[in-house]
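Undergrad: Let me give you the structure first, and then I'll get to my questions.
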Amino acid sequence: PTGKYPITGTWTNENYNVTFVDGVYSISSKTLTEEDIKELGIEFKDDTFIYNGTAQYLSVNNLPEGFTVSYRNNEQVNVGTYEVEAIVTGSGNYKGEVTLKATMTITPKEARVYWIYRGAFTYNGLRQLPTATAEDGVEISIDVKEGNAIDVGTYTAVASTTNKNYTLTN
């Protein structure tokens with residue numbers, strides 16, 4: 001470990017006069033490097049989560065006793081890709097800090113669409129659209145792929161959402 005250690009000694013031999021000079025042997029802390037991080041087995045890895053409405057975090061693994069870590073950009077809730085930084089600070093034999101980077105990805109959650117009424121409609125000169133609802137209270141809008149949904153015909157209805165945290169199914 002780091003510290004100061006006394007150097008003392010005696011030695012006798014009938015053929016020599018030996019004199020030891022007392023001294024101090026000093027071991028100082030090493031500045032922490034990325035290579036040290038690897039050798040110590042400290043890991044900070046990318047991870048992917050599915051949106052669930054709560055904050056997600058990445059964490060440093062195998063942090064030696066006495067070392068500390070702080071994070072930047074590490075509390076994310078919404079869908080997206082985020083660069084997270086972990087600032088690892090050494091202790092004992094290591095001084096200084098190293099910044100590690102990892103990518104956090106939050107992907108959309110699937111929300112099932114339930115069609116409440118799909119038609120058939122009787123022509124009345126007004127735009128006709130089926131009604132639907134989605135899981136988790138996701139707001140949706142209904143439109144048709146082609147045509148105006150006014151004239152007599154068959155149309156394909158599409159549910160969509162502007163909420164990037166969800167992907168609609170069914």
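The values are calculated or read from the model by the stated rules, or taken from the named source; none is laboratory data. Keep in mind that this is a model prediction, so the values were computed, not measured. FYI the Cβ positions are ideal-geometry reconstructions off the backbone, even for glycines, and counts take in every protein chain you see. Just the protein is used for accessible areas: all its heavy atoms, side chains included, with ligands, DNA and RNA removed. Shrake-Rupley method; radii C 1.70, N 1.55, O 1.52, S 1.80 Å.
Undergrad: Hey, any idea what % of the chain's accessible area is carbon plus sulfur with a 1.4 Å probe? List each step's numbers first, then the result.
TA: Working: 5560 of 11690 Å².
Result for the chain: 48 percent of the exposed heavy-atom area is carbon or sulfur.
Undergrad: Also, I was wondering about something else. For the chain, set up a Gaussian network in which alpha carbons nearer than 10 Å are linked by springs, and say which option among 111, 149, 86 fluctuates the most.
TA: Residue with maximal mean-square fluctuation among 111, 149, 86: 149.
Undergrad: Got a sec? Which residues in the stretch 62-93 would a label at residue 45 touch, if it sits 7 Å along Cα→Cβ and we count backbone N under 13 Å?
TA: 62
Undergrad: To the nearest 20 debye, what charge dipole does the stretch 1-147 have about its Cα centre, counting +1 at the Cβ of each Lys and Arg and -1 at the Cβ of each Asp and Glu?
TA: Working: 12 positive and 20 negative charges, 95 e Å.
The calculated dipole for the stretch 1-147 is roughly 460 debye.
Undergrad: Now for a separate question. Of the candidates 25, 117, 57, which one comes out as most mobile in a Gaussian network treatment of the chain with C-alpha springs shorter than 10 Å?
TA: 25
Undergrad: Net charge near residue 167: determine it from the other residues with C-beta under 15 Å of the C-beta of residue 167, scoring Lys and Arg +1 and Asp and Glu -1. If you can, show how the numbers build up before the last one.
TA: On the way: positive: 109, 112, 164; negative: 110, 135, 136, 139.
So the environment of residue 167 carries a net charge of -1.
Undergrad: Note down the nm distance, to one decimal, between modelled labels 7 Å out along Cα→Cβ at residue 34 and at residue 107.
TA: Label-label distance for residue 34 and residue 107, simple model: 2.9 nm.
Undergrad: Residue 25 versus residue 2, label points 7 Å from Cα toward the beta carbon: distance in nm?
TA: Those two pseudo-labels are separated by 1.9 nm.
Undergrad: With mean projected area of the Cα convex hull in nm² defined as stated, name the option among (i) 13.8; (ii) 15.5; (iii) 9.9 computed from the structure displayed.
TA: The value computed from this structure is option (ii).
Undergrad: For the chain, modelled as a GNM with alpha-carbon contacts under 10 angstrom, which of 147, 90, 53 fluctuates the most?
TA: Looking only at 147, 90, 53, the biggest GNM fluctuation is shown by 147.
Undergrad: So what is the 222 nm mean residue ellipticity for the chain from helices alone, if each DSSP H run of at least 4 adds -39500 (n - 2.57) and you divide by all residues, rounding to the nearest 500 deg cm²/dmol? Mind showing how you got there, number by number?
TA: On the way: 1 runs with 7 residues, N = 170.
Estimated from H runs of four or more residues: -1000 deg cm²/dmol.
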